[in-house]
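S.K.: Have a look at the structure that comes next, please.
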Amino acid sequence: MAAGVRPLRGLRVLCRLLLFLSQFCILSGGEQSQALAQSIKDPGPTRTFTVVPRAAESTEIPPYVMKCPSNGLCSRLPADCIDCTTNFSCIYGKPVTFDCAVKPSVTCVDQDFKSQKNFIINMTCRFCWQLPETDYECSNSTSCMTVSCPRQRYTANCTVRDHIHCLGNRTFPKMLHCNWTGGYKWSTALALSITLGGFGADRFYLGQWREGLGKLFSFGGLGIWTLIDVLLIGVGYVGPADGSLYI
C-alpha cells in the first residue's frame, strides 16, 4: 500500500512542477508581448526631414530679344538691345562716341565676326526730337483739315526708328501739319470739273453734295461756276470735303 502511494505523490509533484513552469512561461510571454505592443504604439521620438525644392531656372525670354537680330553687328543693334553710357554735355551737332554693352540674352559680333559684349558706337550729339523727319515715325490724324487757312496742325506721337541712336526719350510729342489723304485723286477731280462740271460731278466726287446739287440745278451757274471750279480745283484750292489731301 505504501509502495503504491509513493508513485502517486511523485506524479502529483511532477504535475505541480509542470503547472508552475507553464504559468511562468505564460507570464513571461505576456510581458514580452506587452513590451512589443508598447514599442509599436510608442515608437519614440521621430525625425522630420524638410525637403527644400530647387529654385526653378528661369527660361523666360526677355521681350526685347525679339527685336535683336542674332549674331549681327553690334553697332547695328537697335537701341532696345544695348545699354550705353551717354554724355549729355556733348557739343550739339558734333560727332561723339559712347561706350555700350549688349543686354543679357543678346549676341552680336564685330567687323571680324568675333563675339563681343562691349563696343563703341559713333553718333551725332543731338536729342531724339532734333532728328531729321526721316529718322522717326509719327502717328497720323484724320480729324484735322489739311485744306484750311491757316493750315492746321495736330499733336503727333513720334518714335525713333530702331537703328537710329540719339539722346533723351525715343518717344516724344511733336506738332505737325495735317497731312493725310482719303484717296481722292487731283487728276480725277480736275477731269470731272472740265467735262461734267456743269452737272456738279466734280463736287459730288469730292464729297461736297450741297455744292453739287447747286451746280446741277443751276446748270453750272450758267457756266460761270463751272469755269471758277476748274480754276479752283486746278490750283488745289478746292479739295475733298473730309479735309484730306489729294493723292
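S.K.: Can you run the Rg to Rh ratio on segment 136-177? Use alpha carbon positions and the Kirkwood inverse-distance Rh.
M.R.: Values: Rg = 12.7 Å, Rh = 11.6 Å.
When Rh is taken as the Kirkwood radius, the ratio is 1.09.
S.K.: Just to verify a number: FRET efficiency for HIS163 and SER143, C-beta to C-beta distance, R0 = 22 Å, to 0.05? Walk me through the numbers before you get to the answer.
M.R.: Working: r = 32 Å, r/R0 = 1.44.
The computed FRET efficiency comes out at 0.10.
S.K.: Roughly speaking, what is the stretch gain from MET66 to VAL230, that is 0.36 nm per residue apart minus the C-alpha to C-alpha distance, in nm to one decimal?
M.R.: Values: separation 164, 0.36 × 164 = 59.04 nm, distance 5.36 nm.
Here the segment from MET66 to VAL230 would lengthen by 53.7 nm.
S.K.: Rank SER218, GLY168, SER187 by how far each Cα sits towards the positive end of the charge dipole of segment 142-223 (+1 on Lys, Arg Cβ; -1 on Asp, Glu Cβ) and give me just the farthest.
M.R.: GLY168
S.K.: A follow-up question, please. Carbon and sulfur together cover what percent of the accessible area of segment 65-125 at a 1.4 Å probe radius? Don't skip to the answer; put the middle values down first.
M.R.: On the way: 2110 of 3960 Å².
Looking at segment 65-125 in its full context, I get 53 percent from C and S.
The values are calculated or read from the model by the stated rules, or taken from the named source; none is laboratory data. Just so we're clear, the structure is a prediction, and the values are computed from it rather than from any experiment. Quick reminder, even Gly has a Cβ in these numbers, built from the backbone with ideal geometry, and neighbours come from all protein chains shown. These accessible areas exclude ligands, DNA and RNA; they are computed on the full protein's heavy atoms, side chains included. Shrake-Rupley method; radii C 1.70, N 1.55, O 1.52, S 1.80 Å.
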